[in-house]
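Structure first, commentary second.
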Amino acid sequence: MSHPNGSHQHADVLVSDPDLPPTAVDPQAAEEEERRWTPAKIAIWVGIALLGGFSWTMLALVRGETVNAIWFVFAAVCTYLIAYRFYSKLIERKLLKPDDRRATPAEYKADGKDYAATDRRVLYGHHFAAIAGAGPLVGPVLAAQMGYLPGTLWIIIGVILAGAVQDYLVMFFSMRRGGRSLGQMAREELGVIGGTAALIATLAIMIIIVAILALVVVNALGESPWGVFSVAMTIPIALFMGVYLRYLRPGKVTEVSLIGFVLLMLAIVGGGWISETTWGVEIFTLDRITIAWGIIIYGFIAAVLPVWLLLAPRDYLSTFMKIGTIGMLAVAIIITRPEITTPAVTEFASTGAGPVVPGSLFPFLFVTIACGALSGFHALIASGTTPKMIEKERQTRFIGYGGMLMESFVAIMALVAALSIDRGIYFAMNSSAAATGGTIEGAVAFVNGLGLTGVNLTSEALSQLAANVGEESVVSRTGGAPTLAVGIAQIMQALIGGSGMMAFWYHFAIMFEALFILTAVDAGTRVARFMLQDSIGNFVPRFRDTSWRTGAWLCTAIMVAGWGAILIMGVTDPLGGINTLFPLFGIANQLLAAIALAVCMAICAKRGVFKYLWIPALPLAFAAVVTISASFLKIFSPVPNIGYWAQHNAFKGALEAGEESFGSAQSVAAMEAVVRNTFVQGTLSIVFVVLSIIVIATAVIATIKAVRQGGGTNTEDTPVASRTYAPAGLITTPAEKELEAQWRVLDSDKRPVRSGH
Amino acid sequence: MSINLALGRAREAARGIAWLFKGVMGENAYQAYLDHHAGTHDAEPPMTEREFWRDKTDRQDANPEGRCC
């Protein structure tokens, strides 16, 4: 007998306590409830489908002079709702088959600390705060050079078929394994070779991701006394919060975050005053190399300091800002509804000659926008903290799949914000200094020389914008963050404050992004250090002891040196830095996704659900094709702008020919730097792609083996019968309400503990 | 709807939002720990609030959580 809402293979073990109400909604009742299409339900879904369809028509088919931002919002939200209701449900019923009669790790391993059942709505917010960062804010901005349609399509379709699927699957499988990490699951499912390759790939990928995130901050703060002051102030603010929480009022998290937020606002306003004084400008105008070294030193110190002093308070502040600002931006976009003048698809999509990031739509769109559509990094979060806090198995759909939909929505808003600024200004800000010369005249000449229809950039527009946002110049502020900040500032000033407030909003947005990134840098370095210690521990057991200071410092130093070297390389790159490195970021992130999906596919095959194996196989195939072909282009392409080795050989040849300048490199030293940088970038590309191919191949072998044998070893924890109940989704169904009521009348001594109330 | 009822609803909604917000920020971790402790019928007294938060950050020291990009 098969039940659609749960695999009942452990029926003998999962006998519920007769003194308790049922721990799961009766599968048949749930099934009936779902099949019952009342006229109201039909009307709602027809309405959503029509609104979504109409919005997509406005975006994709109607070619007016402009398109209103509201259609992006409606197209995204309606598509998410439909995908969540129908596709994620299909995954739940056919592939994962969660069983609410089974206790989750939060129940059977409950310790009130790490393993603590948490209300699903709270955990949704928690999980979202952990997965969303600067990634979905930056990628869509850079991809906007190809027009608004390719990015929008990829963000929305990518998330429903790939990104949210990955997060959901990884979270579910990790939950069934007591919250095991992706690395441990890879080792178990793929064996030593696949597991080791996955571990090394993860480490290498973390290094590159931290380096490029740090590069985004450096580019946003370079030559900006206002930005440097206000972002630097986050350190004393966080330290103060840490001491406050430790010694003055432990546990008053919201209170201290509010205080921190007020101080943060003062730091932004104060930055404005300081940038108007001569001494302030003198002290806080730093070149990019100095800032990069500052971040490297900061990264090391932050990773060895105790968590309570810097990392934990900074994380509270970052979560606070994240929820507040994203909510605020959504409201502002809906109220101001900016008109977007960018064409649907630009010539750069096919020529690949875009100045922001090189390469044509396939495959480079799909690696430029990683977070927001498909982000491998999430697999590290979805296996770990969150699965240890899930109250009931069926909630993974809401938290895993639904959480990723929310991040995708953030990416859509970032895209809208970037698209709402003038195209000429967009290209002036995002073309590297190698192209614009870093001057207003150079930028005007370069952008107008691109031959884009409808783009006529004037030097007044650039200097006016710089004055409005309180910066010396906005030319070649690459990395995406400053562009997004201008976009956010434009949208927010239309709502609050007018152009007089634009400088505040600009620096507010810069602060917001820098805060996320610095938190990711701290946490990334720390996580990477533990992974490294664990790996070295296989050979030198002493390294396993994470409280051993020397080992901890040494491993931290190795990790910081790794990302620091790439950061310095990016900052000093004569070719521009972000445009050469960003593809590597996206490729690394998507390769991690491919690894995670490969592990999930092997697990699905071992569970014996072959008919629906395409659910992980489809996004895996796509991610593998995209990233491997992008890597191959980066390695083998003869076009110097795209292929790292082609660039390497071109500059090497020029050096050997005794030339003194080549391309945008004006000196022999610069040419040597290009040769060095392209060597590192090319080598990293090879390392990533080789490791990933190994992991994917071992996963495919494991899958085929399982399919032939009709299944494989079950690596799940032994099932334990649950003694608690909670609804699955955001909205409780009538059957769930009824069951909840039964639990509510239970004597309090019989009722198992629930947290979050 | 009477004014009192409307006010009551508004208060309830505000409480709900505050509860959700505090939950997402992680403020109710100590309460969750106390609830758990009470349910286990452990003879040992639970950690005090100060001890609990120290223990929590110390655990994070030994077991870092990733933060995404």
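The values are calculated or read from the model by the stated rules, or taken from the named source; none is laboratory data. Every value quoted in this text rests on a predicted model; they were computed, and no experiment measured them. Cβ sites come from the backbone with ideal geometry, for glycine too, and all protein chains shown count toward neighbours.
Conditions tested, residue by residue: (1) buried (at least 24 other Cβ atoms within 10 Å of the Cβ); (2) in contact (Cβ under 8 Å) with a residue 24 or more places away in the chain.
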{"residue": "A:F543", "(1), (2)": "no, no"}
{"residue": "A:I558", "(1), (2)": "no, yes"}
{"residue": "A:F585", "(1), (2)": "yes, yes"}
{"residue": "A:M601", "(1), (2)": "yes, yes"}
{"residue": "A:R607", "(1), (2)": "no, yes"}
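Results for (1) more than 10 Å from chain B (Cβ to nearest Cβ); (2) modelled with pLDDT of 95 or more, shown as yes or no for each residue.
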position: A:L123; (1), (2): no, yes
position: A:A134; (1), (2): no, no
position: A:V138; (1), (2): no, no
position: A:G158; (1), (2): yes, yes
position: A:A164; (1), (2): yes, yes
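Before we move on, is A:S88 more than 14 Å from chain B (Cβ to nearest Cβ), more than 24 Å from the chain's Cα centre (by Cα) and either aromatic (F, W, Y) or part of a helix (DSSP H, G or I) (or both)? It is false that A:S88 is more than 14 Å from chain B (Cβ to nearest Cβ), more than 24 Å from the chain's Cα centre (by Cα) and either aromatic (F, W, Y) or part of a helix (DSSP H, G or I) (or both). Note on the stretch B:40-56: among residues that are at the interface with chain A (Cβ under 8 Å from one of its Cβ atoms) and either in contact with a Pro (Cβ under 7 Å, 6 or more places away or on another chain) or assigned to a loop (DSSP other than H, G, I, E, B) (or both), the one that is nearest to A:P387 (Cα to Cα) is B:W53.
I'm trying to understand the selection: among the residues of the stretch B:1-47, which are of a type in the set (S, T, Y) and closer than 19 Å to A:D114 by Cβ? Selection gives B:Y30, B:Y33, B:T40.
Kindly list the number of the only condition in (1) assigned to a helix (DSSP H, G or I); (2) under 30 Å from A:T724 (Cβ atoms); (3) without any contact (Cβ under 8 Å) to a residue 12 or more places away in the chain that fails for A:Y80. The one condition A:Y80 does not meet is (3). Scanning the stretch A:521-550 for residues that are among the hydroxyl-bearing types (S, T, Y) and assigned to a loop (DSSP other than H, G, I, E, B) returns A:T546, A:S547.
Scanning the stretch A:322-348 for residues that are basic (K, R) and within 14 Å of chain B (Cβ to nearest Cβ) turns up just one, A:K322. Note on the stretch A:512-540: among residues that are among the β-branched types (V, I, T) and surrounded by fewer than 21 Cβ atoms within 10 Å (Cβ to Cβ), the one that is nearest to A:V218 (Cα to Cα) is A:I536. Of note, A:I517 does not satisfy the criterion of being among the hydrophobic types (A, V, I, L, M, F, W, C) and either away from chain B (no Cβ under 13 Å) or not in a helix (DSSP H, G or I) (or both).
Remark: pairs (first residue in the stretch A:33-52, closer than 17 Å to A:T732 by Cβ and at pLDDT 95 or above; second residue among the aliphatic types (A, V, I, L, M) and surrounded by 10 or more Cβ atoms within 10 Å (Cβ to Cβ); Cβ separation under 8 Å; 6+ apart in sequence or on different chains) are absent.
If you take the residues in the stretch B:41-54 that are exposed (fewer than 13 other Cβ atoms within 10 Å of the Cβ) and acidic (D, E), which one is modelled with the lowest pLDDT? Residue satisfying both the conditions and the ranking: B:D42.
For the stretch A:370-390, indicate whether the set of residues that are touching a Leu at 6+ places or on another chain (Cβ under 7 Å), closer than 30 Å to A:N68 by Cα and modelled with pLDDT under 95 is non-empty. No.
Identify, please: which residue in the stretch B:14-30 is assigned to a helix (DSSP H, G or I) and within 28 Å of A:S181 (Cβ to Cβ) and is, among those, farthest from the other protein chains (Cβ to nearest Cβ)? Of everything passing the filter in the stretch B:14-30, B:A29 is farthest from the other protein chains (Cβ to nearest Cβ). Residue pairs whose Cβ atoms lie under 7 Å apart, separated by 6 or more positions or on different chains, with the first residue in the stretch B:1-22 and closer than 25 Å to A:A129 by Cα and the second of a type outside the set (S, T, N, Q), are B:L20/A:R121; B:L20/A:V122; B:L20/A:G125.
Take the conditions surrounded by fewer than 17 Cβ atoms within 10 Å (Cβ to Cβ), of a type in the set (D, E) and over 25 Å from the mean Cα position of the chain (by Cα) and apply them to A:E107. Does it pass? Judged against the criteria, A:E107 is not a match. Contact annotation: residue pairs with Cβ atoms under 6 Å, 6 or more positions apart or on different chains, pairing a residue in the stretch A:375-390 that is farther than 24 Å from A:G158 by Cα and more than 7 Å from chain B (Cβ to nearest Cβ) with a partner that is in a loop (DSSP other than H, G, I, E, B) and among the charged types (D, E, K, R), are A:K388/A:D114. Output yes when any residue across the stretch A:345-355 is among the β-branched types (V, I, T), crowded, with 23+ Cβ neighbours inside 10 Å and assigned to a helix (DSSP H, G or I), and no when none is. No: the stretch A:345-355 contains no residue that is among the β-branched types (V, I, T), crowded, with 23+ Cβ neighbours inside 10 Å and assigned to a helix (DSSP H, G or I). Set side by side, the residues A:E441, A:E407 differ, and just one is among the acidic types (D, E), surrounded by 21 or more Cβ atoms within 10 Å (Cβ to Cβ) and outside any loop (DSSP other than H, G, I, E, B), which is A:E407. Going residue by residue through the stretch A:131-147, is there one that turns out to be over 30 Å from A:R423 (Cα atoms) and assigned to a helix (DSSP H, G or I)? Yes, the stretch A:131-147 contains a residue that is over 30 Å from A:R423 (Cα atoms) and assigned to a helix (DSSP H, G or I).
Listed conditions (1) surrounded by 17 or more Cβ atoms within 10 Å (Cβ to Cβ); (2) part of a helix (DSSP H, G or I); (3) facing chain A (nearest Cβ under 7 Å) are all met by B:E65, apart from (2). With respect to the conditions (1) more than 24 Å from A:A134 (Cβ to Cβ); (2) at pLDDT below 95; (3) not in a loop (DSSP other than H, G, I, E, B), A:M492 lacks only one, and its number is (1). The lone criterion from (1) in contact with a Gly (Cβ under 6 Å, 6 or more places away or on another chain); (2) more than 22 Å from A:A588 (Cα to Cα); (3) not hydrophobic (A, V, I, L, M, F, W, C) left unmet by A:E391 is number (1). Filtering the stretch A:387-401 to residues that are of a type outside the set (S, T, Y) and in a helix (DSSP H, G or I) leaves A:P387, A:K388, A:M389, A:E393, A:R394, A:Q395, A:R397, A:F398, A:I399, A:G400. A:G179 satisfies every condition listed in (1) part of a helix (DSSP H, G or I); (2) more than 30 Å from A:G53 (Cα to Cα); (3) under 24 Å from the mean Cα position of the chain (by Cα); (4) not hydroxyl-bearing (S, T, Y) except (1). Any residue at all in the stretch A:713-723 that is of a type in the set (S, T, N, Q), surrounded by fewer than 21 Cβ atoms within 10 Å (Cβ to Cβ), in contact with a helix residue (DSSP H, G or I) (Cβ under 9 Å, 6 or more places away or on another chain) and in a helix (DSSP H, G or I)? Checking the stretch A:713-723: not a single residue is of a type in the set (S, T, N, Q), surrounded by fewer than 21 Cβ atoms within 10 Å (Cβ to Cβ), in contact with a helix residue (DSSP H, G or I) (Cβ under 9 Å, 6 or more places away or on another chain) and in a helix (DSSP H, G or I).
Of the helices (runs of 4 or more DSSP H) lying entirely inside the stretch A:207-321, the ones with 3 or more residues being in contact with a helix residue (DSSP H, G or I) (Cβ under 9 Å, 6 or more places away or on another chain), within 14 Å of chain B (Cβ to nearest Cβ) and modelled with pLDDT of 95 or more are found at A:225-243, A:253-274.
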